[in-house]
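The values are calculated or read from the model by the stated rules, or taken from the named source; none is laboratory data. Here the structure is a predicted model, which means the values were calculated and not measured. For neighbour counting, all protein chains shown are included, and Cβ atoms are generated from backbone atoms with ideal geometry for every residue, glycine included.
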Amino acid sequence: MRTGTDAWIYEQPVSLISRRARRKMIRKHRKQRIEQGFSTYDAWNGDRYLLGVIAGMAEWLRTEGVGYPGHMTEEAWAETLDSISQPLRSYLNGNFWPSEAEITATTAALHLFADNFGYFWD
């Protein structure tokens with residue numbers, strides 16, 4: 001899965017970035033991620049990078065995961081994961097300057113993520 005940063009690097013028109021420069025950027029990006037867990041490209045838009053990781057993980061757990069917390073039913077866990085991923089995706093797919101409603105929904109989703117942080121496993 002590509003985050004916003006990955007997409008930016010991979011999807012730039014060749015006319016803007018030469019193939020050689022693109023390969024160099026990708027190698028630098030990957031090396032930094034291996035060494036420190038994020039790259040300078042990720043740090044430029046840290047909010048979008050982190051939201052993309054959290055939303056992607058929630059979506060993966062929803063579709064591919066086999067476990068769920070013992071105090072919830074499988075359906076309740078699926079609803080919780082949807083309640084986390086959908087507002088985050090809306091924020092990511094929206095305008096670069098999110099509306100007050102998007103910020104409120106994203107904040108609520110992050111609080112729900114924090115409340116269920118210990119259950120993000122499979």
Being in a loop (DSSP other than H, G, I, E, B) and in contact (Cβ under 8 Å) with a residue 24 or more places away in the chain: is that true of G56 here? no
Single residue of the range 48-89 satisfying the filter (crowded, with 18+ Cβ neighbours inside 10 Å and of a type in the set (S, T, N, Q)) that is nearest to F38 (Cα to Cα): S85
Within the bounds of the range 64-74, is there any residue that is at pLDDT below 95, more than 16 Å from T106 (Cβ to Cβ), assigned to a helix (DSSP H, G or I) and in contact with a Phe, Trp or Tyr (Cβ under 8 Å, 6 or more places away or on another chain)? yes
Restricting attention to the range 74-122, which residues are over 17 Å from the mean Cα position of the chain (by Cα) and closer than 22 Å to T63 by Cα? E74, E75, A76, W77, A78, E79, D115, G118, Y119, D122
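Table: residues versus (1) touching a residue at least 24 places away in the same chain (Cβ under 8 Å); (2) farther than 27 Å from I26 by Cβ.
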{"position": "A43", "(1), (2)": "no, no"}
{"position": "G46", "(1), (2)": "no, no"}
{"position": "L51", "(1), (2)": "yes, no"}
{"position": "R62", "(1), (2)": "no, yes"}
{"position": "G65", "(1), (2)": "yes, yes"}
{"position": "T73", "(1), (2)": "no, yes"}
{"position": "P87", "(1), (2)": "no, yes"}
{"position": "S99", "(1), (2)": "no, yes"}
So, in the range 25-48, how many residues would count as being charged (D, E, K, R) and either at pLDDT below 90 or under 17 Å from the mean Cα position of the chain (by Cα) (or both)? 5
